[in-house]
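Below is one structure, written out as structure tokens, with a few remarks after it.
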Amino acid sequence: MSGQPNPRVGLFVTCLVDAIRPSIGFSAIQLLEEAGCRVEVPQAQTCCGQPALNSGDEKDAAALARQTIAAFEGFDYIVLPSGSCAGTIVHGYPDLLAKDPVWAPRARILATRTHEITSFLVDVMGFRPKGRRLSATATYHDSCAGLRELGIAAQPRALLAEVAGLEMRGLEGNDVCCGFGGTFCVKYSDISNAIVTEKAEAIERTEADLLLAGDLGCLMNMAGKLNRRGARTRCFHTIEVLAGRADGPAIGEEG
């Protein structure tokens, strides 16, 4: 189903993409423009507030939510290359601001306009990439928030199916947590390490060239473990492959 022609889209870059992997942001802009969107990156954006919200700091999370709403509510859509940050805006903001008579309705409206990027490209814009080729094998990890909060599973796979030469291989436990969980991996590092070790073992069994996923935090976690194990599998955000940007350093190989 195609959305309105040439919608005005506000790209929420996310903290990790901005600080660690800007190529994901550039890939997002490229794909959105190819889909016919007019893309802007509001300079007033900062953090979506997810770390504060998940840590129980509702006061600061609410302040960040109000700032994000003010920065993005003038756009037709807000699009993010992260299921966890998108889920925070879609589900977290309306709950967080539910008792605020001024901001609650604004949070609900913004939530209806907010989308993770692969879901937006497929479900809203009816987009498929053209002319993409990558001779490689890949496996896919379904990040928890995108899958469970937003129902993202078929969309990235539908887009990746359009990349000529890319062979997708099934991943055992593809929908099982990688152990990142934001602050979880810091608070419960031993448990997190055990979980990501099992994930890395499953990835290695696929013998795939690439590991793809839709959340940079999860990818950083898995890339770190794979690198420490000496695995040959390289990690990229899904949209980097879709934008034809998988020819440079993989996640964890920068610098």
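The values are calculated or read from the model by the stated rules, or taken from the named source; none is laboratory data. All figures in this text were calculated on a predicted structure; none of them were measured in a lab. No Cβ is skipped: glycine too gets one built from the backbone with ideal geometry, and neighbour counts run over all protein chains shown. Calculation scope for accessible area: heavy atoms of the full protein, side chains included, ligands and nucleic acids excluded. Shrake-Rupley method; radii C 1.70, N 1.55, O 1.52, S 1.80 Å.
Which helices, counted as full DSSP H runs in the chain, have an axial Cα extent of no less than 24 Å and a Kyte-Doolittle average of -1.0 or above?
Answer set is 189-206.
Carbon and sulfur atoms: what percent of the 1.4 Å accessible area of the chain do they account for?
Answer for the chain: carbon and sulfur cover 52 percent of the accessible area.
With Cβ to Cβ distances under 13 Å as the rule, what net charge do the other residues near Ser192 carry (K, R +1; D, E -1)?
Residues near Ser192 contribute +1 overall.
Can you give me the distance in nm between label points at Ser55 and Thr197, each placed 7 Å from the Cα along the Cα-to-Cβ direction?
So the label points at Ser55 and Thr197 sit 2.8 nm apart.
Give the accessible surface of the stretch 133-242 per residue, rounded to a whole number of Å², with probe radius 1.4 Å and ligands, DNA and RNA excluded.
43
Do the sum for the chain: with -39,500 (n - 2.57) for every DSSP H run of n ≥ 4, divided by all residues, what is the mean residue ellipticity at 222 nm, to the nearest 500 deg cm²/dmol?
Theoretical 222 nm ellipticity from helices: -12000 deg cm²/dmol.
Calculate, for Arg232 and Ala63, the FRET efficiency according to 1/(1 + (r/R0)^6) with r their C-beta to C-beta distance and R0 45 Å; round to the nearest 0.05.
E(calc), rounded to 0.05, equals 0.50.
Order the peptides 51-60, 83-92, 6-15 from the highest to the lowest mean number of other Cβ atoms within 10 Å of their residues.
83-92, 6-15, 51-60
Tally Lys and Arg at +1 and Asp and Glu at -1 over the other residues with C-beta under 11 Å from the C-beta of Gly173: what net charge comes out?
-3
Below 8 Å, C-alpha to C-alpha, sequence gap of six or more: please give me the relative contact order for the chain in percent.
In percent, rounded to a whole number, it is 19.
Based on the Cβ-Cβ distance from Ser135 to Arg8, what FRET efficiency comes out when R0 is 22 Å, to the nearest 0.05?
0.05
Relative contact order for the stretch 149-255: what is it in percent, counting Cα pairs under 8 Å that are at least 6 residues apart?
24
With the Cα gyration tensor of the stretch 8-124 giving a ≥ b ≥ c as the square roots of its eigenvalues, does the rule (a/c under 1.5 for rounded; else a/b larger than b/c for prolate; else oblate) give rounded, prolate or oblate?
In terms of gyration-tensor shape, prolate.
With +1 on each Lys and Arg Cβ and -1 on each Asp and Glu Cβ, and nothing else charged, work out how big the dipole of the stretch 8-89 is about its Cα centre, in Debye to the nearest 20.
Charge dipole of the stretch 8-89: 20 debye, to the nearest 20.
Tally Lys/Arg at +1 and Asp/Glu at -1 over every other residue whose Cβ is under 13 Å from the Cβ of Val41; what's the total?
Local charge sum for Val41: -1.
Roughly how many Å² is the accessible area per residue of the stretch 1-100, as a whole number, for a 1.4 Å probe?
The answer is 44 Å² per residue.
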